[in-house]
Amino acid sequence: MEKLRMLLNKKWIKWPIILLVIGVFFVILLYGFTYLGLFGKLPTKQDLSSLKQTEATQVLDRNQKLIGKYYVYDRQPLKYEDFPQHLIDALIATEDVRFYEHNGVDNRSLLRVFFKNILLQDESAGGGSTITLQLAKNLYGRQDYMLFGILINKFKESITARRIETIYSKKEILTLYLNTVPFPDNTYGIESAAQKFFNKSARELTVSEAATLVGTLKANHYYNPRISVRRSELRRNVVINQMLKYNFIDEEQAETIKQDSLILDYHSFNHDMGLAPYFRMQVKKELVEMLKAIKKPNGESYDIYRDGLIVHTTLDATMQTYAEEAMKEHLTNLQKAYEKSYGNQAPWKTLSATFNKAMQNLSVYKRLKRNGLSDNDILDSLSKPRDMELFSWEETKTAKLSVKDSLAYYLKFLNTGMLSIEPSTGAIRTYIGGIDYRFFKYDHVSQSERQVGSTFKPIVYTAAIENGMKPCSYYDVKAITYTNYDNWTPTNSGQEVDENINYNLEKALSHSINTIAVKVLNDTGISATINQAQSMGITKDLPEEPSLALGVAEIKLKELTGAYASYVNQSKAVKPYAITKITDNNGKVIAEFKPEFSEHKAYSDYTRQVLLEMMKATINQGTASRLRTTYNLKNAMAGKTGTTQDNKDGWFVGITPNLVTVTWVGNDNYNIGFKTTGLGQGANSALPMFAKFYQKLNADSKFNNITHIQFEKPSQKVLDDLDCKLEKEDNFFQRLFKSKKKKKEFKGN
């Protein structure tokens, strides 16, 4: 005893022991302070019993396929039963092989880490953190406590982990962990990661895919398979070796997997990218408005970014894919022809008047002008280059451009809108609001109003037939000057016609004769035509002038589509809609939506059948005949082409019994049209997108219910009333009288 006392009195022994005791006391004291909450409130057992994590709102297509999400943290929860066993095995083998043996903190692992990692500097010993400790960190994060931050955070996590273990079973802990753990690209939870990197549910992950995702947990960015497939493969193989080591797989299976290349099917659910971004943004806008009137059981408002809602939509993801492919194929080629047609005289060149006007309309130009800068100073400011990402049909590229250069670059691009709906309900099946949402945010389906051109003519003819005009009424094609409308003289642009020939209504509509459309409007009356348009769902105020017949009215594509649906929906217009129901994160329906359409017919069955026959003629021998000749489409179809003044807008409406599609193409800058009618007419600019879309539908037997369906058979009276020559020639006296009748007043009201 005396020798021990003498030994302890030696300074080189005494002070280390004192320091050790002080250190242990300090650690115990720090742990006690942490336990008592002096460094922040610890979650109680009650808090842990009612864990509620932020969940992404999911957007599903009509077949329950995930097409988008709204989130702060990209997270989708699953049940334990949804996890494949090899996913659990990979996680445990890699992250916490003694998971089923400890109570949240693995003391044996901690001792191993202390002696091997700290004393022997052996990094192969691992980190000693358990799945439960990681879960505690995932749930509550870490805070900055300055000098002893790491130690305090570790204490908080260990206390929380032990509490979690007393409340939840091991299966429940694994479920919580896999639903909250962060994966690469700001993705939280295994389901979101599986959807993002492999385009499948976590239920369907292979051993290799599961090992890949588990492998990223060590370092999300470094092992991100999107960034480096090779690094991710190497890390996957480490996980596979761990599974082999702990007998979760055999050696043959391990070697087979390690020899396989990693294949990703990456799908970003970023709002700007992925399938149907314009549609998803429109759904989001509608959802926000809908949720204002819906409350949770506790009276709180729903949060689309946090509450894990499920939004069921009408969109068909496969049809949308075909539509987007068709759009890209057509617009890529059309853009090249468009630029070539202008050559060096392009209006988007920096010295053109169109360019200067567009530049002066820029918000940055107006701001600098308000700040008192001179035109030269503004021009200097807008000429400073910077790195920017640019849209291109080939691939997105980065270049160093000024605001001025960027404007010149983007002014040249044609844009588009395309909508397909089920005519009996208005359910939206495809929705393209523009060529690329990342660079062109403006939605040409729901926001844009453009002149509709000749696509308005069927409404004029509908009003005429509904008001008693006979289908076999004949009109001459001769141009007339309307003296009471500033001597306005509508002509048949680009069409050579014999002025001594008279067309019946079918020929006039199918060949889109402007002069006859105005005459039909004159005889029917502007008021009657506007009333007809309103009964077909057109809400826009229409101009009360004869040019209405030629489509000078600016109407939203969505409204026009709903109006045309009436021709295959028992004469009833519909309102295109996107959302069918909304459920909460427990699957309970909190809102349900039904189609909106008028209970009253917009016109008679007779009128509908007559117009449908006329628009069939447009496809079979009229302005849209290239659907039959060039694209070899055999489907039962009706439709109408449309081109506006100076070739600013190209339109096509395609009608089949179970699908109505409207396409539009034009430049966002209304001062820039197509160089020629041959290039800009709807049959060339808008129709091919529809044609390519239907070629893809025809090749997929899944859509036989759309592509193989025939129109209703018209009544015998309709067939009899249309049974007349398409055209007839004037006799001598008619020609003599017509030569003198060159001017008249427009009296349709």
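The values are calculated or read from the model by the stated rules, or taken from the named source; none is laboratory data. All of these numbers come straight from a predicted model, not from anything done at the bench. Glycine gets a Cβ as well: all are built from the backbone with ideal geometry, and neighbour counts include every protein chain shown.
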Long-range neighbours under 9 Å by Cβ, at least six apart or interchain, first residue among the small types (Gly, Ala, Ser) within the stretch 59-78, second in a loop (DSSP other than H, G, I, E, B) | Gly68/Phe269; Gly68/His271; Gly68/Gly274; Gly68/Leu275; Gly68/Ala276
Would you mind telling me which numbered condition in (1) within 30 Å of Leu60 (Cα to Cα); (2) in contact with a Gly (Cβ under 6 Å, 6 or more places away or on another chain) Gly434 fails?
-> (2)
Yes or no: Pro297 within 27 Å of the chain's Cα centre (by Cα) and not β-branched (Val, Ile, Thr)?
-> no
Odd one out for Thr416 among (1) buried (at least 22 other Cβ atoms within 10 Å of the Cβ); (2) more than 30 Å from Pro490 (Cα to Cα) = (2)
Checked Lys507, Lys519 against criteria (out of contact with any Phe, Trp or Tyr (no Cβ under 7 Å at 6 or more places or on another chain) and among the basic types (Lys, Arg)); the one match is Lys507
Please give the number of the condition Ile516 fails out of (1) in contact (Cβ under 8 Å) with a residue 60 or more places away in the chain; (2) under 24 Å from Gly650 (Cβ atoms).
-> (1)
Starting from residues that are small (Gly, Ala, Ser) and touching a strand residue (DSSP E or B) at 6+ places or on another chain (Cβ under 7 Å), keep the ones in the stretch 450-468 and report whichever is farthest from Lys648 (Cα to Cα).
-> Ser454
Report, by residue number, each residue of the stretch 680-702 that is in a loop (DSSP other than H, G, I, E, B) and touching a residue at least 24 places away in the same chain (Cβ under 8 Å).
-> Gln681, Ala686, Asp700
The stretch 366-388 - residue that is within 31 Å of the chain's Cα centre (by Cα) and of a type outside the set (Asp, Glu) and, of those, surrounded by the most Cβ atoms within 10 Å (Cβ to Cβ) | Met388
Among the residues of the stretch 703-723, the number that are of a type in the set (Gly, Ala, Ser) and either surrounded by 19 or more Cβ atoms within 10 Å (Cβ to Cβ) or not in a loop (DSSP other than H, G, I, E, B) (or both) is 0
Please tell me if Val665 is buried (at least 19 other Cβ atoms within 10 Å of the Cβ), under 17 Å from Pro688 (Cβ atoms), among the hydrophobic types (A, V, I, L, M, F, W, C) and within 26 Å of the chain's Cα centre (by Cα).
-> yes
Please find, within the stretch 246-300, the residue that is surrounded by the fewest Cβ atoms within 10 Å (Cβ to Cβ) out of those that are touching a Gly at 6+ places or on another chain (Cβ under 7 Å) and in a helix (DSSP H, G or I).
-> Tyr278
For Ala219: the one exception among (1) at pLDDT 90 or above; (2) among the small types (Gly, Ala, Ser); (3) under 24 Å from Tyr177 (Cβ atoms) = (1)
In the stretch 184-197, which residues are of a type outside the set (Val, Ile, Thr), in contact (Cβ under 8 Å) with a residue 24 or more places away in the chain and crowded, with 23+ Cβ neighbours inside 10 Å?
-> Tyr188, Gly189, Glu191, Ser192, Lys196, Phe197
Where residues in the stretch 345-365 are exposed (fewer than 11 other Cβ atoms within 10 Å of the Cβ) and among the small types (Gly, Ala, Ser), which of them is nearest to Ile672 (Cα to Cα)?
-> Ala353
Enumeration of residues in the stretch 519-574 that are under 17 Å from Ser454 (Cα atoms), of a type in the set (Ser, Thr, Tyr) and without any contact (Cβ under 8 Å) to a residue 24 or more places away in the chain = none
